[in-house]
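Everything below concerns the one structure shown next.
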């Protein structure tokens, strides 16, 4: 398989050209003939013009690549090595939504040939690849798993907005259905991952490894969020406590904050789902999710509490929220917990303006029914710095003071301005 890809006798297809699939497809296209398959025609048009819809990759990343962008199954049929990199979100009940994954699997199954490989990168619970995807591949293709086609799993480790930890310099986990196919999969990924690969002994091990990478972070952040609630009642600053504790060699400096996005705020629910199938209730994982999912409402209530202390009627209060993307310096708004702050403030009849230099206003309107303001319109009774975009980091206390009424409040969720604010009212987690 590897030698045929290098000689371009066969093609590699990446199904799903989002923040995971696109960089992968472009890197493989340096060495192999690649088919980039996606169902979003608008995005495909942008890609053909060397524009990344997520804003992560520059135009140079598209140069000198052997790649075809398409939504046609007839084009996909010319591939023999498939990589599925579609989203795996949760539904409104926090249950795994496998629809994109199974739809992509159906597309691949329709064009699968004897001897082909199908590798999954989408985050799933342990066992999902063989229990949910393989039966579809077998049924629609008429081929037999392992005997006629091979399957593997290599979890993505793309971190949007992070230029330091790239696809090329981050060790890649690979797994496959047998030893021979594992050798092929490892060799193919080693072509684009300079840091090398880790060969997991089993597909389920690789699936589980991906889940616990983000579950561990979720639980640790939940601990710091819970501690921040306690420290707030004690009247001490959480970040000052963390700085002091961080002087010990084995203290790991997790910080409190909002946990949204498509990984940390989602992946643990896949493990909760699988644990429930096994008749086990994962108390620590579920508790961490509860704490982190509650922080948007908590921040809004703390803001309201301080406005009331200033004798401000809620129906007259104006609050500016700076940032709505799920993390700093990205345009991705999926599972943004800033929306929870907005909803809670609106329930108190507070007037809320939201600004964000990176978010697409149309996408925000469609996803959250929130209309982004083109710019702040002072004066506000409180300013909430929700997402520390680079555009906000240079703000000074006089800058914030210009936005606020006298005795106005600065809510700094990440504690980035705690040494800058000397005169304004200030609160952080």
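Quick notes on this structure:
- Condition met for residue 327 (without any contact (Cβ under 8 Å) to a residue 24 or more places away in the chain and either over 26 Å from residue 229 (Cβ atoms) or out of contact with any strand residue (DSSP E or B) (no Cβ under 8 Å at 6 or more places or on another chain) (or both)): no
- Residue match in segment 134-141 (condition: within 20 Å of the chain's Cα centre (by Cα) and either surrounded by 13 or more Cβ atoms within 10 Å (Cβ to Cβ) or at pLDDT 95 or above (or both)): no
- Scanning segment 380-397 for residues that are touching a strand residue (DSSP E or B) at 6+ places or on another chain (Cβ under 8 Å) and either in a helix (DSSP H, G or I) or on the phi > 0 side of the Ramachandran plot (or both) yields one hit, 392.
- Within the set 26, 12, the sole residue that is buried (at least 18 other Cβ atoms within 10 Å of the Cβ), touching a helix residue (DSSP H, G or I) at 6+ places or on another chain (Cβ under 9 Å) and not in a helix (DSSP H, G or I) turns out to be 12.
Conditions (1) without any contact (Cβ under 8 Å) to a residue 24 or more places away in the chain; (2) over 21 Å from residue 155 (Cβ atoms); (3) in a helix (DSSP H, G or I); (4) in contact with a helix residue (DSSP H, G or I) (Cβ under 6 Å, 6 or more places away or on another chain), marked per residue:
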position: 194; (1), (2), (3), (4): no, no, no, no
position: 205; (1), (2), (3), (4): no, no, yes, no
position: 212; (1), (2), (3), (4): no, no, yes, no
position: 218; (1), (2), (3), (4): no, no, yes, yes
position: 229; (1), (2), (3), (4): no, yes, yes, no
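- Whichever residue in segment 404-429 is in contact (Cβ under 8 Å) with a residue 60 or more places away in the chain and part of a strand (DSSP E or B) and, among such residues, is nearest to residue 310 (Cα to Cα): 407
- Of residues in segment 54-67 being in a loop (DSSP other than H, G, I, E, B) and without any contact (Cβ under 8 Å) to a residue 24 or more places away in the chain, the one farthest from the chain's Cα centre (by Cα): 63
- Any chance residue 7 is more than 25 Å from the chain's Cα centre (by Cα), without any contact (Cβ under 8 Å) to a residue 40 or more places away in the chain and either closer than 22 Å to residue 363 by Cβ or surrounded by 16 or more Cβ atoms within 10 Å (Cβ to Cβ) (or both): no
- Scanning segment 33-52 for residues that are buried (at least 23 other Cβ atoms within 10 Å of the Cβ) and assigned to a loop (DSSP other than H, G, I, E, B) yields one hit, 38.
The values are calculated or read from the model by the stated rules, or taken from the named source; none is laboratory data. This structure is a prediction, so every number in the text was calculated from the model and none was measured. For neighbour counting, all protein chains shown are included, and Cβ atoms are generated from backbone atoms with ideal geometry for every residue, glycine included.
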